[in-house]
Amino acid sequence: MPKLKSVEDLTRVRQSAQERLEMRSRTGTRVIIGMATCGIAAGAGETKNAILEELQKQKIDATVTSVGCIGICSKEPLVDIEQAGCPRITYCNVHPDMVPRLIKEHLIEGNVVQEWVMGRVFSQGIGERLEYEEPVAHQAVPFYSELPFYRKQKRITLRNCGIIDPENIEEYIARDGYAALAKVLTDMVSEDVIDEVKRSGLRGRGGAGFLTGLKWGFTSRAPGDVKYLVCNADEGDPGAFMDRATIEGDPHSLLEGMTICGYAVGAKVGYIYCRAEYPLAIRRLRVAIAAAEEHGLLGDNILGSDFSFHLRIKEGAGAFVCGEETALLASIEGRRGEPRPRPPFPAERGLWDKPTNLNNVKSYANVPQIILNGADWFAGIGTERSTGTAIFALTGKVNNTGLVEVPMGITLREIIYDIGGGIPDGKQFKAVQTGGPLGGCLPADQLDVPVDFDSLVELGAVMGSGGMIVVDEDTCMVELAKFFLTFATAESCGKCVPCRMGGKRMLEALTRITEGEGKPEDLKIISEIATGMENGALCALGQLTPGPVVAALRYFEDEFLAHVVDHRCPSLQCAALVSYYILPDQCEGCGICLRACPAGAILGGKRMIHVVDQSKCIKCGNCFDVCPSRFDAVLKVSGESVQVPEKPIPVGEWSV
Amino acid sequence: MVEDLDLTKVEQIIGEVGEEEGGLIPVLQKAQDVFGYLPREVLQSIADRLGVSLTKVYGVVTFYSQFYLERRGKHVLKLCDGTACHVKGAPNLMSAVQEEFGTGPGETTEDGELTVELVYCLGCCALAPVAVLDDQVMGGVRQSVLLDRVKGCIGNGKEVPVA
């Protein structure tokens with residue numbers, strides 16, 4: 001491919017790519033498999049092999065391609081079949097043993113396998129409707145835009161994910177890829193671009209929500225010839241994976257956004273700092289960068305202009321704190337990733353002391369769409385002060401897990417119940433944690449708040465990176481708060497005292513509480529330390545570490561009090577506060593639990609009512625798990641005692 | 001344990017990565033790929049070659065969780081204890097592994113076959129709980145399946161194909 005030397009060259013390539021793709025969807029057969037990390041984890045690799053094998057066996061001429069993640073992770077592996085002129089039909093949870101039947105019924109007999117089908121989608125994207133003629137069997141399949149999971153979604157950042165082949169630049173170009181870059185290079189000067197982004201109201205998608213255009217303006221105005229661009233793809237929050245999905249599914253949108261930003265702020269070199277736990281994302285970035293360079297869309301004299309921009313990838317080495325901007329910069333410079341006080345902000349003094357613009361993956365990836373469709377279009381989506389869409393990684397105890405992109409201002413209830421399909425196994429919703437281990441939880445009576453940057457902060461939660469973890473009645477909020485705190489303290493870099501010592505002391509207090517040694521004073525200690533950390537820590541990691549504990553205390557104080565006053569865990573989750581009893585009128589003396597007990601704490605014999613020796617019990621719960629459901633004789637309680645015989649007695653001889 | 005380390009490889013690595021600014025971390029990453037871990041001799045050699053102190057190199061190595069100063073097991077099991085995995089029972093998986101193989105987080109079996117690591121979030125939260133055995137990602141992991149696969153893998157020294 002010779003380098004594109006002008007906007008006209010790009011337009012020509014786009015036209016021919018569109019024609020080719022149009023031809024591809026009008027003729028022949030294509031099998032499309034979701035091969036992002038989540039798909040692969042669900043077994044998409046094996047499914048793909050089975051499909052290739054079966055196609056060969058049946059002598060069917062079809063192309064097999066891979067795409068990124070379309071978001072509905074709980075239905076992986078996803079397989080789409082596209083036949084001449086028809087929309088793609090998506091089948092879900094396709095495992096290798098299903099492949100022969102799928103191919104026989106769909107491709108050979110021309111029917112849809114109703115019980116496995118999920119929806120119909122055009123190669124042009126979710127929400128598209130085109131003129132087409134298709135078999136009657138296909139028409140009964142709902143479009144994606146009619147499925148509950150997708151109905152309320154609006155996909156801007158993720159518009160290409162799961163639709164295009166991320167390793168093929170032409171598919172991106174065909175869908176208006178790099179058109180925004182061309183527009184910027186021909187029609188706009190630096191100030192125009194910054195102004196457009198500012199007017200769109202785009203706020204930093206890393207979580208803090210600072211106005212992106214304003215930030216660009218700072219870097220652009222900072223004195224100096226050498227400036228840098230950095231993309232924060234160090235998505236370290238457990239429970240968030242939208243940056244990974246964006247890169248794995250549509251890497252060129254990030255590249256294009258960064259190149260536009262480079263033009264706007266006057267930077268010639270950009271770095272993408274990606275965590276090393278994302279090997280596939282890093283590989284897709286390498287492929288994308290090479291392709292963009294080959295096409296003259298990245299590198300020297302982009303599209304024949306005098307603007308040059310180069311991108312490099314820096315792999316993280318495993319440190320959560322490197323998601324903090326100054327720590328991230330230190331890491332790129334090859335040092336320990338320890339944050340430093342701000343100001344000076346990176347826009348003034350960043351990488352190697354040069355002015356540096358630092359944004360999250362999604363912030364950059366939104367930019368091409370803003371430039372193409374205009375600031376007003378973007379500002380018209382969402383709420384007045386939080387424009388555009390938000391992406392959440394919906395996980396935990398919810399039926400439809402996956403990535404959802406929704407207009408800002410939607411309520412938590414809509415996300416969890418309408419999109420997520422509610423709580424599985426008929427359990428009760430208890431809380432939703434937003435913003436990961438540095439965020440906060442919200443209880444059921446806050447489900448109707450609109451989700452945007454400002455309203456969440458008011459309620460003690462944060463937008464953060466977009467993790468949204470739903471927990472049900474079985475989750476102990478004290479234990480969950482302790483879990484987040486364990487994570488955050490382990491990741492403290494140790495540079496400042498409030499974070500290093502505060503986190504540790506707070507964790508000790510919480511540990512005492514979950515182990516039944518807590519006192520009401522511990523709750524006061526926690527609040528005091530939290531205030532100290534919020535005000536005194538050097539960076540966001542330390543300042544936000546107390547967040548989950550403070551939010552849990554705010555909304556679930558009863559649960560904390562139950563632990564410290566009654567030494568009881570209402571959710572029966574804190575092992576030290578739980579006891580197991582064998583119900584004497586239900587035990588049949590079968591001996592299954594006796595054999596399963598690793599501590600030898602169950603006394604009994606054949607046809608003898610078993611008894612748990614509480615002094616020996618290590619509370620592993622094995623007896624509870626193995627007791628056959630027809631007896632259901634093991635009871636798990638907290639803070640109450642159950643009347644049982646002192647020693648094993650023959651079955652049937654128990655009376656109170 | 002005394003072993004022969006081919007330190008000329010350090011030179012080769014630095015040549016490949018280049019001596020660009022901020023190159024220390026990429027050099028260490030590459031060196032760990034080549035040597036499997038980062039023994040003192042290798043660190044000293046990198047320090048000498050890049051003209052920085054061993055202290056600085058050591059400081060960087062111990063800061064990041066991906067660098068290892070000790071040799072790791074032939075097979076590596078990473079168990080995710082990110083939030084979603086935690087809620088879906090990752091701690092039980094870890095205790096089962098610990099009971100079966102006698103290795104807790106960050107430890108290696110005495111025979112050098114298996115290293116067990118606790119990691120935070122591999123970004124597949126929707127498929128929690130997640131484990132990675134020798135770079136192969138497994139979602140929706142059940143205890144019995146996990147133990148069987150690890151046993152199979154350390155038993156014959158080969159990767160067991162996914163069911």
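Taking each DSSP H run with n ≥ 4 as -39500 (n - 2.57) and averaging over every residue of chain A yields -10500 deg cm²/dmol at 222 nm. Of all lysines in the structure, the ones whose alpha carbon falls short of 28 Å from that of A:Lys430, not counting any fewer than 8 places away in one chain, are A:Lys75, A:Lys152, A:Lys154, A:Lys397, A:Lys482, A:Lys504, A:Lys519, A:Lys524, A:Lys619, A:Lys636, B:Lys88.
Here the range B:19-109 is treated as a sphere whose radius is the Kirkwood value from Cα pairs; by Stokes-Einstein at 4 °C and 1.567 mPa s it diffuses with a coefficient of 85 µm²/s.
Computed over the range A:95-181, the P(r) curve from all C-alpha pair distances, binned at 5 Å from the origin, holds 3, 11, 17, 19, 18, 18, 10, 3, 1, 0 percent per bin. Taking trypsin sites (Lys or Arg not before Pro) that fall in a DSSP loop and have at most 13 other Cβ atoms within 10 Å as cut points, what is the longest piece of chain B between them? With a cap of 13 other Cβ atoms within 10 Å, the longest stretch comes to B:1-141. By the Stokes-Einstein formula, at 1.567 mPa s and 4 °C, the range A:437-502 with its Kirkwood radius over alpha-carbon pairs has D equal to 95 µm²/s. In degrees between 0 and 90, to the nearest 10, how far off the longest principal axis of chain A does helix A:361-373 point, with axes built from Cα atoms? Taking the Cα atoms of chain A, the angle to A:361-373 is about 40 degrees. Note on chain B: helix-only mean residue ellipticity at 222 nm, from DSSP H runs of 4+ residues weighted -39500 (n - 2.57) and normalised by residue number, equals -13500 deg cm²/dmol. Distance from the Cα centroid of the range B:86-141 to that of the range A:440-482 is 27 Å (rounded to whole angstrom). A DSSP coil position with no more than 11 other Cβ atoms inside 10 Å describes none of the chymotrypsin sites (Phe, Trp or Tyr not before Pro) in the range B:28-71.
Solvent exposure of the range A:46-104, expressed per residue, is 39 Å² of accessible area, with all protein chains present and a 1.4 angstrom probe. Interface residues of the range A:323-340, defined as those losing at least 10 Å² of solvent-accessible heavy-atom surface relative to the isolated chain (probe radius 1.4 Å), are listed as A:Ser331, A:Glu333, A:Gly334, A:Arg335, A:Arg336, A:Gly337. Sparse packing (at most 11 other Cβ atoms within 10 Å of the Cβ) combined with a DSSP loop state is found for the following GluC sites (Glu not before Pro) in the range A:307-388: A:Glu384. When its C-alpha radius of gyration is set against 2.2 N^0.38 Å (N residues), the range A:345-409 gives a value of 1.49. Considering only beta bridges that DSSP places wholly inside the protein assembly as shown, some 60 percent are antiparallel. Exposure check, 1.4 Å probe, all protein chains in place: A:Val398 carries approximately 10 Å² of accessible surface. Estimated from the Cβ-Cβ distance and a Förster radius of 25 angstrom, the FRET efficiency linking A:Lys427 and A:Glu458 is about 0.30. Tilt of helix A:190-200 relative to the longest C-alpha principal axis of chain A, in degrees (0 to 90, nearest 10)? Approximately 40 degrees, to the nearest ten. For the range A:262-292 versus the range A:405-434, the inter-centroid distance based on Cα atoms is 33 Å. Between A:Glu133 and B:Arg72, the C-beta separation translates, for a Förster distance of 60 Å, into a calculated FRET efficiency of about 0.55. Projected label points at B:Leu7 and A:Asn301, each 7 Å from Cα along the beta carbon direction, are separated by 4.8 nanometres. Spherically averaged projected area of the convex hull of Cα atoms, the protein assembly as shown: 37.5 nm². Where the convex hull is taken over the Cα atoms of the range A:517-656, what is its projected area averaged over directions, in nm²? The number I arrive at for the range A:517-656 is 10.7 nm². Derived value for the range A:396-470: Kirkwood hydrodynamic radius 12.2 Å. Basis is the mean of 1/r over every pair of different alpha-carbon atoms. Going by accessible surface with a 1.4 Å probe and the largest first, A:Ser527, A:Ser123 read A:Ser527, A:Ser123.
For A:Leu561 and A:Asp585, FRET efficiency with R0 = 45 Å and r from the beta-carbon atoms, rounded to 0.05? That pair, A:Asp585 with A:Leu561, gives E of 0.85.
Projecting the alpha carbon convex hull of the range A:164-256 along each direction and taking the average yields 7.5 nm². Taking A:Cys161, A:Cys627 and ordering them by how much accessible surface each has at a 1.4 Å probe, largest first, produces A:Cys627, A:Cys161. Given a 1.4 Å probe and the protein chains as shown, A:Asp306 ends up with an accessible area of around 140 Å². For the range A:502-656, the solvent-accessible area works out to 51 Å² per residue, with a probe of 1.4 Å and every protein chain left in place. Here the label points at A:Glu22 and B:Leu54, each 7 Å from Cα along the C-beta direction, are separated by 6.8 nm in the simple model. Applying both filters, DSSP loop and at most 15 other Cβ atoms within 10 Å, to the trypsin sites (Lys or Arg not before Pro) of the range A:23-115 gives A:Lys59. The percentage of C-alpha pairs in the range A:78-237 whose separation is greater than 30 Å is 38%. Within the assembled protein chains, the solvent-accessible surface assigned to A:Glu128 is about 80 Å², based on a 1.4 Å probe. Available extension along the chain between A:Arg512 and A:Asn93 is 146.5 nm, counting 0.36 nm per residue and deducting the alpha carbon span. Within chain B, all pairs of alpha-carbon atoms sorted by distance into 10 Å bins from zero give the percentages 10, 34, 28, 21, 7, 0.
Taking only protein heavy atoms and a 1.4 Å probe, the accessible area of chain A is 49% carbon and sulfur.
Between 0 and 90 degrees, the angle of helix A:279-294 with respect to the longest Cα principal axis of chain A falls at about 0 degrees.
The values are calculated or read from the model by the stated rules, or taken from the named source; none is laboratory data. What you are looking at is a predicted structure, and each value in this text was computed from that prediction instead of being measured. Reconstructed Cβ throughout: ideal geometry from the backbone, glycine too, with neighbour counts over all protein chains shown. Side chains included, ligands, DNA and RNA excluded: accessible areas come from the protein's heavy atoms. Shrake-Rupley method; radii C 1.70, N 1.55, O 1.52, S 1.80 Å.
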